[in-house]
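Structure first, commentary second.
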Amino acid sequence: NGLLVSGVLIASLGAVMDVAMSISSSCHELRTLNPALSKKDLFRSGMNIGRDAMGTMANTLILALAGCSLNMFLLFQVYDYPLIQIINTDAMAIELIRGVAGSIGIILSVPLVALLSAQIMGPTKK
């Protein structure tokens, strides 16, 4: 159990970190260009940036996991496994879980990073 969870976390961590860094660096650039930007506007901009990054990174994550499993798919094809048997294999289930977990991680990281960026980089009360 622990090894499966660790593999899922490691597989999706790179994509989640990439999205988080894109949002936070974009919010920092927006704050640098317009210091009077409110926390609400900074959060809204972070969410808009994150929404764009979220779609592309979820697709990239799914394609990367499918690319890693290409050898497995070729073996299934060579040995002429029936489709129902391929769908029911443990390896297929693990790849699907990795893809879904990574996508959920990306989706959840966008509002969290946008909120934290807005709170940390937003204007301070004097």
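Take the residues in the stretch 11-63 that are over 14 Å from Ile107 (Cα atoms) and of a type in the set (D, E, K, R), then tell me which one is most open to solvent (accessible area, probe 1.4 Å).
Filtering the stretch 11-63 for residues that are over 14 Å from Ile107 (Cα atoms) and of a type in the set (D, E, K, R), the one most open to solvent (accessible area, probe 1.4 Å) comes out as Lys40.
Would you be able to say whether some residue in the stretch 105-124 is surrounded by 14 or more Cβ atoms within 10 Å (Cβ to Cβ), of a type in the set (A, V, I, L, M, F, W, C) and within 24 Å of Leu3 (Cα to Cα)?
yes
Search the stretch 64-90 for residues being under 17 Å from Val8 (Cβ atoms) and open to solvent by 70 Å² or more (accessible area, probe 1.4 Å), and hand back the single one that is modelled with the highest pLDDT.
Asp90
Does Gly102 satisfy being closer than 30 Å to Gly122 by Cβ and either in contact (Cβ under 8 Å) with a residue 24 or more places away in the chain or of a type in the set (Ser, Thr, Tyr) (or both)?
yes
Residue by residue, here is whether (1) touching a Lys or Arg at 6+ places or on another chain (Cβ under 7 Å); (2) at pLDDT below 90; (3) farther than 12 Å from Ala118 by Cβ; (4) β-branched (Val, Ile, Thr) holds:
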{"residue": "Gly14", "(1), (2), (3), (4)": "no, yes, yes, no"}
{"residue": "Ala20", "(1), (2), (3), (4)": "no, no, yes, no"}
{"residue": "Arg44", "(1), (2), (3), (4)": "no, no, no, no"}
{"residue": "Asn48", "(1), (2), (3), (4)": "no, no, yes, no"}
{"residue": "Asp52", "(1), (2), (3), (4)": "no, yes, yes, no"}
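The values are calculated or read from the model by the stated rules, or taken from the named source; none is laboratory data. Owing to the predicted nature of the structure, the values given are computational and were not obtained by experimental measurement. Positions of Cβ are backbone-derived with ideal geometry, glycine not excepted, and every protein chain shown enters the neighbour counts. Accessible surface areas use protein heavy atoms only, side chains included; no ligands, DNA or RNA. Shrake-Rupley method; radii C 1.70, N 1.55, O 1.52, S 1.80 Å.
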